Amino acid sequence: MKQSVFVLFSMVIMVLAPLRSVAGNLDKMWDRANTAYVNGDYAGALAVYDSIESANKAGVKLYYNMGNAHFKSGHIGKAILYYSKAQRLDPFDEDVEYNLQVAQGYVKDRIEVVPEFFASRWLNDTRNAMSSNAWAVTSLVVLALALCGLLLYLLPLGMTYRKLGFWSVVLFGVLTIVSVTFASKQRSEAVESDDAVVMLSAAPVKSSPDSSSKDIFVIHEGTMVKVLDHLGDWSQISIADGNKGWILTSSIEIID
């Protein structure tokens, strides 16, 4: 019995040892990157941050630090890209929001946003008030309340209770559908992003996906665009004022 316990304990140690080693290496990399950043070696910091990201250890803190390092290096487009990535993971982080606004203040383009219909704006603001996980939890809670209302309706407790149960099912059933819809929308936007940031100091937007076609307008580093379509080396984009055109895909980076 003691021998079996010892063998089991040894196996657990063998499994956990590599994990501790990986965690230790990651901590060392993180310390090395932060030290380089503090010492003003932003290129060195970014090289290590990139390695951490490549190890699938991305998170709000990493993207925030990468945004800071790119901003200090004068890479406005990259800074906005990584601040935006951090914001997608945590829409309520005030530091990320503030730094993103500061970086966007350095963008040359001042594009007038097309006014959004008030009902659509209200729905989007409500949906963005919580993350997809929070909406998913909310949907489970209101579904449970809807089931309680259904039980109340089915039990022989009198007309008053049956009416209360019926309207509870209606109310919480609608809230369940809304919560699931919001959670699904938030999740799909995070996974299948069509938002991108311009990386070139100046990028011409063409009337068609052809280098010889007419330039419609020019956009600059850090400008946010929405990707509508792809064709070969080209992407069709729209900007905040509704204008559309084709741009080389290499000129932009998707906020994924």
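The values are calculated or read from the model by the stated rules, or taken from the named source; none is laboratory data. Model, not experiment: these values are computed from the prediction. Note that each Cβ is placed from the backbone with ideal geometry, even for glycine, and that neighbours are counted across all protein chains shown. Heads up: the accessible areas ignore ligands, DNA and RNA and are worked out on the full protein's heavy atoms, side chains in. Shrake-Rupley method; radii C 1.70, N 1.55, O 1.52, S 1.80 Å.
Can you confirm whether Arg110 is over 15 Å from the mean Cα position of the chain (by Cα), of a type in the set (D, E, K, R) and more than 22 Å from Thr223 (Cα to Cα)?
Values: over 15 Å from the mean Cα position of the chain (by Cα): yes; of a type in the set (D, E, K, R): yes; more than 22 Å from Thr223 (Cα to Cα): no.
So Arg110 does not fit the description; no.
For the list (1) open to solvent by 40 Å² or more (accessible area, probe 1.4 Å); (2) of a type in the set (Gly, Ala, Ser); (3) in contact with a strand residue (DSSP E or B) (Cβ under 9 Å, 6 or more places away or on another chain), I need the number of the one condition that Ala144 fails.
Ala144 satisfies all of (1) open to solvent by 40 Å² or more (accessible area, probe 1.4 Å); (2) of a type in the set (Gly, Ala, Ser); (3) in contact with a strand residue (DSSP E or B) (Cβ under 9 Å, 6 or more places away or on another chain) except (3).
Is there any pair linking a residue in the range 134-146 that is of a type in the set (Ser, Thr, Tyr) to one that is in a helix (DSSP H, G or I), with Cβ under 7 Å and at least six apart or on different chains, and which?
Here the result reads Thr138/Ser179; Ser139/Thr176; Ser139/Ser179; Ser139/Val180; Ser139/Ala183, each pair linking the range 134-146 to a residue that is in a helix (DSSP H, G or I).
Taking the range 62-89, which residues are open to solvent by 10 Å² or more (accessible area, probe 1.4 Å) and of a type in the set (A, V, I, L, M)?
Ile76, Leu89
Search the range 230-241 for residues that are touching a residue at least 12 places away in the same chain (Cβ under 8 Å) and pair each with any residue that is basic (Lys, Arg) when their beta-carbon atoms are under 8 Å apart and the residues are at least 6 apart or on different chains.
Trp234/Lys206; Gln236/Lys244; Ile237/Lys226; Ile237/Lys244; Ser238/Lys226; Ser238/Lys244; Ile239/Lys226
Being among the aromatic types (Phe, Trp, Tyr), open to solvent by 90 Å² or more (accessible area, probe 1.4 Å), over 30 Å from His230 (Cα atoms) and in a helix (DSSP H, G or I) narrows it down to one residue among Trp122, Trp135; which is it? Give the derivation first.
Working: Trp135 fails: open to solvent by 90 Å² or more (accessible area, probe 1.4 Å).
After ruling out the rest, the residue left standing is Trp122.
Given the range 147-236, what strands (runs of 3 or more DSSP E) lie entirely inside it while holding 1 or more residues that are over 24 Å from His75 (Cα atoms)? Please lay out each step first, then the result.
Details: elements: 195-198, 202-206, 215-220, 224-231.
Once the strands (runs of 3 or more DSSP E) in the range 147-236 are filtered for at least 1 residues that are over 24 Å from His75 (Cα atoms), what remains is 202-206, 215-220, 224-231.
Residue by residue, here is whether (1) more than 22 Å from Ile254 (Cβ to Cβ); (2) more than 20 Å from the chain's Cα centre (by Cα); (3) not small (Gly, Ala, Ser) holds:
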position: Asn39; (1), (2), (3): yes, yes, yes
position: Gly44; (1), (2), (3): yes, yes, no
position: Val48; (1), (2), (3): yes, yes, yes
position: Ser54; (1), (2), (3): no, no, no
position: Val60; (1), (2), (3): no, no, yes
position: Tyr63; (1), (2), (3): no, no, yes
position: Asn68; (1), (2), (3): no, no, yes
position: Phe71; (1), (2), (3): no, no, yes
position: Gly77; (1), (2), (3): no, no, no
